[in-house]
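The numbers here are math on the coordinates, done by the rules we state, and not lab data. Computed from a prediction, not measured in an experiment: that's the story for all the values here. FYI the Cβ positions are ideal-geometry reconstructions off the backbone, even for glycines, and counts take in every protein chain you see.
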């Protein structure tokens, strides 16, 4: 999972750009977690707790995205994907799935959160 954090100086905000297949991580990071250092630290503590337990899964529901944590993996899924809806015939929205669903290893996710926190603190 490759990523780059950027500062938008025009409106004093942060952006997170992620490699193909992990775009949802960037959307979740900015929209749901944001720049609150206390929230980031709390999530890092939660990750440590989850890694220490076997056969556990925790769902953290946000406004737009949900985060599922297991001792090995992190899954980020747009809440609209939870809706059971039929697509019109011939509709293929697989290109949008990349921006709505991502999964990665918990250690990679933890390293990314550490980098995000460091980026925010140093900007």
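At 20 °C and a viscosity of 1.002 mPa s, what translational diffusion coefficient does Stokes-Einstein give for the chain, taking Rh as the Kirkwood radius over Cα pairs? Give it in µm²/s as a whole number. It would help to have the intermediate numbers written out before the result.
Numbers: Rh = 15.3 Å.
Roughly 140 µm²/s, to the nearest whole number.
Quick one: 112, 1, 117, fewest Cβ neighbours within 10 Å first, how do they rank? It would help to have the intermediate numbers written out before the result.
On the way: 112 22, 1 15, 117 18.
Fewest to most other Cβ atoms nearby, the residues stand as 1, 117, 112.
With 10 angstrom as the radius, rank 44, 69 by how many other C-beta atoms surround their C-beta, starting from the fewest.
Ordered by Cβ neighbours within 10 Å, fewest first: 44, 69.
Using only DSSP helix segments of four residues or longer, with each worth -39500 (n - 2.57), what per-residue ellipticity at 222 nm results for the chain after dividing by its residue count and rounding to 500?
So the calculated ellipticity at 222 nm is -11500 deg cm²/dmol.
Cut-off is 10 Å between beta-carbons; in what order do 10, 113 appear when sorted fewest neighbours first?
Going from least to most buried by this count: 10, 113.
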